[in-house]
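As structure tokens, the structure follows; a few thoughts come after it.
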Amino acid sequence: MKRQDIDIPKDRLTGVLRRGAVKKHVAAIHVSGKLTLLQRKLSNVLLLNAYDTLTSQQVHMIDARTLCLMIGYNSNDMDTLKQSLRGLAETVAEWDMLDDKGQQEWGVSSLLSYAKLKGGVCEYAYSPALASKLNDPKVFALINLNIQRRFTSGHALALYENCYRFVRTGSTGWWSLDLFRRLMGVEDSAYYAVYKQLNAKIIKPAVAEVNKTSNIVVTPEIRKRGRAVTDIRFKITENPQLAILDLDDGEGVRKSDVYSRLQALGVSDRLARQWIAEHGEDHVGDKITYVAGQGGVQNPVGYLTAALRDNFKAEAPVAKPTSARAKLLERVRDLVAARTPTQRDADRRLFMSMIDTADARADFERHGWMSALNTKAIKAFWQDLHPDAFDDI
């Protein structure tokens, strides 16, 4: 079954993942294709992190190591990160679109109005005009972070982003070669003004990487005037080998108690893994317990969907933990709950990469942040993020 026949149910998603893929092309925001691969990944993660508060908050924050992890940049070289942020602040975003009244609107803004790094935290902002455009669901295209991390070429990632917005229509439509060169960031190169060289060095390698790396398969087609190539378009089909929700084998998740509890309720394998990835095992487990305690629930899956979406909480006071370990775990649970879905996913991945032994890894896969074998390491991990988090325990 093709993915367009099974749309991601928006009422079951939270945060930035609540937005669906764009159904058809609308004149949208064009960002210079001259962004480096790191800058392009960085801009996507910053947008995902800020999406829910784009118009309600002027300033957005994400800790720097989460940011590096989500773009696949495992390095302490802050100079490179600074250079990439500087590049985003110097990059121009331009839009040309119809407003709600059908009037044409043109505008231009720097991609980031400012960015700063302080105390291990990246703080940044968008101009109000650009934020309102980025907040438009007709403009925003869901970019899967697991997919973009796999790209090694900036041209390939640029091609993926510009094709993915048309995944539901099956074709990009015809682009003039001038527009295509601009999207790839090579419009000022005399070398790539020759189609033969553009095809050999840009198109073929980018198409090969998109088809190997991503959840779509693209096929270029050209149109000629006489012997000269004037236009190009890309046919787009689903890549059955890399469905957007099947990028991991799921074996670690399937070993967890939370996954077993979801299965017992009748939640499908795909949805169970999706919820755990978005919310974290601890949060999902808490909501399962909440639903179980309500009594007389006729549709537990539907109730759990609402509980996750709207963060239902028990009104009755919960007994305070007494042991030091119980207090520690409660504090960790609170710290995890305060993170965004994007950050929670990054935290789990980063901690997993730091576990040395197979037993400790298996225990974390099964119990998440409540893992007994990893208690000391978990405390150190969160203390590194929040130095004063456990001072009163």
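The values are calculated or read from the model by the stated rules, or taken from the named source; none is laboratory data. Nothing here was measured: the structure is a model prediction, and the numbers come from that model. Please note: Cβ atoms are built from the backbone with ideal geometry, for glycine as well, and neighbour counts cover all protein chains shown. Keep in mind that these areas ignore ligands, DNA and RNA; they rest on the heavy atoms of the full protein, side chains included. Shrake-Rupley method; radii C 1.70, N 1.55, O 1.52, S 1.80 Å.
At-a-glance table
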read-out	value
Exposure of Val108 as accessible area (Å², to 10), given a probe of 1.4 Å and all protein chains	70 Å²
Where Trp369, Trp174 fall by accessible area, highest first, once all protein chains stay in place (1.4 Å)	Trp174, Trp369
Accessible surface of Arg150 - all protein chains present, 1.4 Å probe, nearest 10 Å²	100 Å²
By accessible area with a 1.4 Å probe, ligands and nucleic acids excluded, highest first: order of Lys379, Lys204	Lys204, Lys379
Counted charge near Leu117, where neighbours are those whose Cβ lies closer than 15 Å (Asp, Glu -1; Lys, Arg +1)	+1
Probe 1.4 Å - accessible area at Asp79, Å² to nearest ten	110 Å²
Peptide ranges 82-91, 38-47 listed from the most packed, as the mean C-beta count within 10 angstrom indicates	38-47, 82-91
Formal net charge of residues neighbouring Val217 (Cβ-Cβ distance under 11 Å; K, R +1; D, E -1)	+1
